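Structure, as structure tokens:
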Amino acid sequence: MTNTVTLPIWLFVILLLLAATGRWYRFGYACVNFGRPVSMRDYVRRTGVDFRRFDDPARHHEVERVAAQLMEAIMRVVPVLPVSLVATVFLRNRDAGMSELEMKSSVYDLILQLEAAGAHVYVPRGDLDYAIGVGLRMLTLRRMVEERDGVYHADPAEAALLAYYANAIEPLFP
């Protein structure tokens, strides 16, 4: 038995027309990083902890310590994507409009901060200008950011959604 995905012909035609006219864009970027494997045997050996001998409160306390270390290890490898960078800039400047140049400058400053803190910033195609443009395009296509007379504004009604995207990288800031 083979698994096949079927696409309705009308959807295929629409996507083909959008692609032919240059109005079809990817849905964004997904990125994954893998950190160093975590060995509980090494943890137990290194700390001298024996979870079997703890009562419930002591075991819960030690599990919280392990969880905190795991969360820190995860945060060290979380990729920073263009949409989160641009969303952060608009969230931090939600009451002020910005030109594209001002927005790009602010994103670049964020990237410098994050890289100095050891974050992994994903730059599609190795082109920073393109990456920032992709982030801006995704937010404008989803109507979280609006452009009026060359000035970009965050839509106040979409602040919660902007915060969702920005929160993906918030813990990475020093």
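Where a number appears in this text, it was derived from the coordinates with a stated rule and is not lab data. This is a predicted model, so every value here is computed, not measured. Cβ: placed from backbone, ideal geometry, glycine included. Neighbour counts: every protein chain shown.
Laid out as a table, the results:
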{"quantity": "Segment 35-117: chymotrypsin sites (Phe, Trp or Tyr not before Pro) falling in loop per DSSP and having at most 15 other Cβ within 10 Å", "calculated": "F54"}
{"quantity": "Computed over segment 118-174, the ratio Rg/Rh where both radii use C-alpha atoms and Rh is Kirkwood", "calculated": "1.01"}
{"quantity": "L112 versus C31: modelled label distance in nm, points set 7 Å from Cα along the beta carbon direction", "calculated": "1.9 nm"}
{"quantity": "All-pairs Cα distance distribution in the chain, expressed in whole percent, bin size 10 Å", "calculated": "8, 27, 24, 19, 14, 6, 1"}
{"quantity": "Distribution of pairwise C-alpha distances over segment 80-172, 5 Å bins, in %", "calculated": "3, 15, 28, 27, 17, 7, 2, 0"}
{"quantity": "Charge dipole of segment 80-172 about the Cα centre (unit charges at C-beta), most positive-ward option of G97, H120, Y108", "calculated": "H120"}
{"quantity": "Tilt relative to the chain, helix 128-141 - C-alpha long axis, 0 to 90 degrees, to 10", "calculated": "80 degrees"}
